[in-house]
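Input: a single structure, listed below in structure tokens.
The values are calculated or read from the model by the stated rules, or taken from the named source; none is laboratory data. All values reported here derive from a predicted model rather than from experimental measurement. Here the Cβ positions follow ideal geometry from the backbone for every residue, glycine too, while neighbour counts run over all protein chains shown. Side chains are part of the model used for accessible areas, which takes the heavy atoms of the whole protein and leaves out ligands, DNA and RNA. Shrake-Rupley method; radii C 1.70, N 1.55, O 1.52, S 1.80 Å.
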Amino acid sequence: MTGQRQNTKKALSPRPLMRLLGDFGNSRILEAAIEYDFFTLIHRGFDTYEEVAREAGTVPRATRIVLDGLLALALVEKRKGKYFLTPISETYLVRGKPSYMGDFRYVALSLWDGMAHLKETLKTGKPLSRLDTWDELEVWEKLVVGIMPITQPVAKALCEFLGVGKTKKGLRMLDIAGGSSIFGMTVLACDPSAQVTQLDWPSINTVAKKLNRERGLEGRIRFIDGEFRLAPIEDNHYDLIVASNFCRFESPNGNQELFRKAYRALKPGGFFAVNDFIPNEERTGPTF
Ligand SMILES: C[S@@+](CC[C@H](N)C(=O)[O-])C[C@H]1O[C@@H](n2cnc3c(N)ncnc32)[C@H](O)[C@@H]1O
């Protein structure tokens, strides 16, 4: 028994802990490489660190260090001094490809400062800042575009689940805090006769309107500018209300207010769809 315990002790490596404590650096390496478009440059054939640095306007030695860091993360390969993309960076990190996911970095950036102050939060019980205030709007403008690749499949699944464009046509839908308007655009793709309204801050609605134009949907979504607690929402008016990736940013009181508003705005038999990262009752999973 004692021998067995000793063996287990020997086999237990501290490496996972060391890795976790250093992982913030890997996140920054990847984020910096996306910021300066290193992956796109390598894809375009600038395959030495000097060429990448020249095109990106970065310092050659620092560029080499970051590129070699990406090597350790299996995001590039290096042969005879030349860098090559790996399948994952080729698929998701080359700007201009439909599968491009580089803007997802804004999710990490929006959490960065808060996570850096986690120790204070443990003592005060308060977050560093709230993401629903006016001064955080620049974060939202980028983040809502960055999360489109993870939100679009959910929007499609909702349309399938409800039979939008099949059993249900001409739905009146309201997306509260709709961001990029990905739900609205997906509903309209399934059913052009749907009547879509989105509520969000004015600057975020401007981002959504630009995306609507790019997808040939200009003028198809009605926008309500403002804070969800204060903005006017018609009572007894909507068949479908969506709140996606929003509840987790709101306080318990804010969420109660949201649910009250949604309930009042729904027609009898209407549907309120909440999409979020929600753990089970015991909070043991799923891990996200
Ligand atoms: C994480 S994004 C989610 C966007 C979209 N629903 C999605 O799933 O892709 C959160 C959205 O909430 C909006 N928002 C935050 N606080 C708000 C508030 N108090 N009233 C209205 N919108 C708000 C932000 O502008 C942002 O568009």
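Assorted remarks:
- Here the average projected area of the convex hull drawn through the C-alpha atoms of region 148-275 stands at 7.1 nm².
- The charge dipole of region 148-275, taken about the Cα centre with unit charges on the Cβ atoms of Lys, Arg (+1) and Asp, Glu (-1), comes to about 260 debye, rounded to the nearest 20.
- Of the residues Ser13, Gly81, Leu41, the one whose Cα sits farthest towards the positive end of the charge dipole of region 2-100 is Ser13 (charges of +1 on Lys and Arg Cβ, -1 on Asp and Glu Cβ, taken about the Cα centre).
- Protein heavy-atom surface of region 148-275, 1.4 angstrom probe: 54% of the accessible area is carbon and sulfur, with nucleic acids and ligands not counted.
- GNM result for the chain, Cα springs below 10 Å: residue of Ala262, Ala157, Ala243 fluctuating most strongly: Ala157
- Shape of region 161-226, Cα gyration tensor, a/c cut at 1.5: prolate
- Rounded, prolate or oblate (a/c below 1.5 giving rounded, otherwise prolate when a/b exceeds b/c) for region 86-198 by Cα gyration tensor: oblate
- Legend: distances between Cα atoms for Lys156/Lys261; Lys169/Lys210; Lys210/Lys267; Lys126/Lys261; Lys142/Lys210; pairs beyond 22 Å are Lys156/Lys261; Lys169/Lys210; Lys210/Lys267; Lys126/Lys261.
- Virtual paramagnetic centre 7 Å along Cα→Cβ of Ser27, amide N under 17 Å, in region 93-119: 102-119
- Calculated FRET efficiency, Arg95 to Lys142, Cβ-Cβ distance, R0 = 22 Å: about 0.90 to the nearest 0.05.
- Across the accessible surface of region 43-85, with the other protein chains kept in place and a 1.4 Å probe, carbon and sulfur atoms take up 54 percent.
- For chymotrypsin sites (Phe, Trp or Tyr not before Pro), the sites in region 232-286 that DSSP calls loop and that have at most 12 other Cβ atoms within 10 Å are Phe277.
- Taking a Cβ cut-off of under 15 Å around Gln152, the surrounding Lys, Arg, Asp and Glu residues balance to a net charge of -2, with basic ones at +1 and acidic ones at -1.
- As an equivalent ellipsoid, region 2-100 spans semi-axes of 34, 14, 13 angstrom, where each value is the square root of five times an eigenvalue of the C-alpha gyration tensor, largest first.
- For region 235-253 versus region 93-130, the spacing of their alpha-carbon centroids is 22 Å.
- Using a Gaussian network model of the chain in which every pair of alpha carbons under 10 angstrom is joined by a spring, one finds that among Lys126, Lys97, Lys209 the greatest mean-square fluctuation is at Lys126.
- Candidate cross-link partners of Lys78 among the lysines, defined by an alpha-carbon separation under 27 Å and a same-chain spacing of 8 or more, comprise Lys97.
- Solvent-accessible area per residue in the chain equals 60 Å², computed with a 1.4 angstrom probe and all protein chains kept.
- Residue order for Glu31, Glu141 - accessible surface, 1.4 angstrom probe, largest first: Glu141, Glu31
- The radius of gyration of the Cα set in the chain, together with its Dmax, comes out at 23.0, 74 angstrom.
- Each of Thr58, Trp140, Leu30 was scored by the projection of its Cα onto the charge dipole of the chain, and the greatest displacement toward the positive side belongs to Leu30; charges sit on the C-beta of Lys, Arg, Asp and Glu.
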